[in-house]
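What follows is a short report on a single structure.
The values are calculated or read from the model by the stated rules, or taken from the named source; none is laboratory data. It should be emphasised that the depicted structure is a prediction, and the values quoted were computed from it without experimental measurement. Please note: Cβ atoms are built from the backbone with ideal geometry, for glycine as well, and neighbour counts cover all protein chains shown. These accessible areas exclude ligands, DNA and RNA; they are computed on the full protein's heavy atoms, side chains included. Shrake-Rupley method; radii C 1.70, N 1.55, O 1.52, S 1.80 Å.
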Amino acid sequence: MELGKDAEKADAEENAHAGVEVDEHADIEQDVVTYTKTPLKGMADEIKLMLTLRRSELTGKNLRFNVIAPIVIIAYGLLSSTGFGASCNFCDSDDQDDYQNYTTVHDDGDDDYCSGCNIMSGSSGTWGIGIAMTLPVVRFAVMLMRERVNKAKHVMIAQGLSPTSYMCGSLLFTVMQMTLIGAFVPIFEWNIMDANNLTDGRVSLVWLMNCLFAPIGICLLGVNLSYSADKEESGWKVVSGVMLMAAVIPPIPINILYNIRDNEDTLRAADILHTTFSFINPVYPVVGVQLGSYVDGFSSTHNGMLGWMEGWRVWITFVGSAFTTCVSYLAIKYRDRGYLFIPPGTNDKVGAAALAAGNTNGDMNDASENPLSPSVVAIASDIKDADVLAEEARVETTVATTEACLYRNLTHTYKVPRGGGDADGNESGSKKWPCGKEGSGAADLKSVKAVRGISLGIRKGECFGLLGPNGAGKTTTLACLTGELRPPTSGQVFIDGDEVTGEGMFKAYKKLGFCPQVDPLFPYLSGRNHLIFYGRLKGVPLEQAPAEADRLLRRLGFSAKDGLKTAEKYSGGMKRKLSLAIALIGASDMLMLDEPSAAVDVGAKRHLWKVIKGRSQNQTVVLTTHSMEEAEACCDRLTIQVLGQLRCLGSPLHLKTTYGTGYQLELIVGEDSATSTRKLSAERMSNISGDGGKRSITRQDSAENVALREQLDKFVHESLSKGAVLLEAHGPMSLYQLPPVGTDGMSLGQLFTSLRDAPKELMIKEYNLAQPSLEQVFLKFAKEQGGGVPL
């Protein structure tokens, strides 16, 4: 429902003032787990949890679109096909003999017997049922597409849900909706319309097709269609268009051909189309089973459902439906390549086998393209600093169980269209493919090395920052760590000793909390229900999950009213905070946070940093960010990644001390306050013309100021440092970059003495000497991204 401008403005104001007022200076208490985790027991519990999630989403417009609208369409289509009960379109109630030339009809002397005998004879009776059965699948397919694109599916799986439970739970809920809709067809035809054409067991055929065969096949078609687009708007267009054509186009011409009497050619053409569409269109059998039973006649010799199966036009629809179901299932199996039907608790043998056989998502055939080839390793060693090389040597001999997260020789390569692409495989308007993926048009693609042989160990309990410019490979690295890219081109990844790139992936997922760069939210689910769902998924006891969700919402600044709103009504900052809450709930041992404070206002951002700092002592964090202030506030250690490899490693203070280029000196000059006030008043009066109008005030320095600045420059270069560089000069303020202390033979103490004894004619009122900033270090390494220094 679209809101008017006034309603939108009111909603925006409400969102702007919503939430608990956050004091950015208030301290956050250490987060303490007060419950004992009770993990879900097997696939049955996980599917039950998924059904609860889908049921919670089925409210408002979802309920109207998925259930109410299909039932209304069926009722209208069936009623309109018979003139709303007035007569039958297929034969004349006054003369049954006309229809006997086409098929066999009961003749019991009742002239009214043919009234409503073939409610499928009207076109609306055919397309109405087809459209009604596809409506829930359209929304189902778009939902799967949205959850794949915004990474909600991966976040669920990466935090403990098995891929099989995810798909089976989603499929089962949609099949249940379609079963309800499909059951309405025979109920309405037989009981309400008193249709004689469903006698002698034919109603059982409709029950069997609408409630079992067709729903599964149509839902699996929807799963395949969910991969047809990467945007929700495009998904609606593609999926609804395909489903509409599948529901409307085949039944209408076949029904028309079957209604043409005394013509063997049209009957033969209808039979060919009937058979063909039964095997290629999962939607058609819903209507085809009724058309087949009508054409096979109304003879009482077909007693019961099994008797009607003797008619080939009937059983061919069941065979065709089973065939399309199998084809759709195999297509999903091939596309997901081992992700889909993996029961909970099962080792990831697919990824391990792929690595063992060398069938990875990378192109390792060409030695020049291999990021781990000897020539590349030799040159890369000259680029990396001593801390990075020491860490690589340490990781080679470190036992994985002693580290919270460890990745060894991690490498990943993308194929992107020639003429673009960065270390994250991104190019405007282009799609990225893993190397070696069939059908990607290898001749038109080039290799982009996103991650280049990184080895790193992250200690238990620390917050580790992963910094780097856009396209440095940070998101790709995090995707490898969380198993989203599986398996990587080469290398190993361990979470608390469990190998994500091998058979231990699903064990590692039980210890992971993940906040991706995009918000992995369900738009029609409230914030509170989000946390209850993920809390149960991570083992928060059922009776304590609501209270834990409320506690975490308050901790992040949500009010009780905010928690009950659906996610689609949240502002960008509120969505980001909820995404962080999803990672935090359940107190997972390992937290992967990809730019968690992006799009959050300054005050709330500082509060989020305190929440991250106030995590449980046993929790380890890997944090990616573009904010140097956030990195300094949250991280114990950090690294800067450039073009897919680490350039430096250490604490923020260590990096500033090692790579910072000297100090920044800010000088502010001017007279005493009384003299300054008199001059300012005189200047304002001089800019008022005789007629009361104001002249424009120029910002050009006076000759006096220019002379003063020249004297100041002379003092800085002669008395402080010959290598000083003027960075900025605005009015009385001048900012200089000084080389590292000791470069010009001057100590820090001598520098302060010279500033204290500066000539009075320079009128230095204030001076500030600043340590090298982390941003300065970052910018120094970020320049290599454009220059392409690493290979």
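Against the numbered list (1) within 16 Å of Leu769 (Cβ to Cβ); (2) out of contact with any Pro (no Cβ under 6 Å at 6 or more places or on another chain); (3) of a type outside the set (A, V, I, L, M, F, W, C), Gly723 comes up short only at (2). Considering region 17-104, the qualifying helices (runs of 4 or more DSSP H), each wholly inside and each with 1 or more residues that are at pLDDT below 80 and open to solvent by 50 Å² or more (accessible area, probe 1.4 Å), run over 69-81, 97-100. Among residues of region 224-252 that are touching a residue at least 60 places away in the same chain (Cβ under 8 Å) and of a type outside the set (Asp, Glu), those with a beta-carbon under 8 Å from a residue that is open to solvent by 50 Å² or more (accessible area, probe 1.4 Å) and part of a loop (DSSP other than H, G, I, E, B) at least six positions away or on a different chain give the pairs Gly235/Ser228; Val239/Ser228. Quick check on region 255-267: of everything there that is surrounded by fewer than 24 Cβ atoms within 10 Å (Cβ to Cβ) and touching a residue at least 40 places away in the same chain (Cβ under 8 Å), which residue is farthest from Ile129 (Cα to Cα)? That would be Asp262.
Only a single item in (1) open to solvent by less than 10 Å² (accessible area, probe 1.4 Å); (2) modelled with pLDDT of 50 or more is not met by Leu135, and it is number (1). Screening Ser747 against (1) modelled with pLDDT of 80 or more; (2) under 54 Å from the mean Cα position of the chain (by Cα) leaves a single unmet condition, (1). Residue count for region 705-753, restricted to those that are part of a loop (DSSP other than H, G, I, E, B), open to solvent by 70 Å² or more (accessible area, probe 1.4 Å) and within 11 Å of Leu665 (Cβ to Cβ): 0. Within region 563-579, the set of residues being more than 15 Å from the chain's Cα centre (by Cα) and not polar (S, T, N, Q) comprises Gly563, Leu564, Lys565, Lys569, Tyr570, Gly573, Met574, Lys577. Kindly indicate whether Ser651 is farther than 30 Å from Gly535 by Cα, modelled with pLDDT under 95, open to solvent by 10 Å² or more (accessible area, probe 1.4 Å) and small (Gly, Ala, Ser). Yes. Condition test on Pro759, is it open to solvent by 40 Å² or more (accessible area, probe 1.4 Å) and within 55 Å of the chain's Cα centre (by Cα)? Taking the combined requirement at face value, the residue does not satisfy it.
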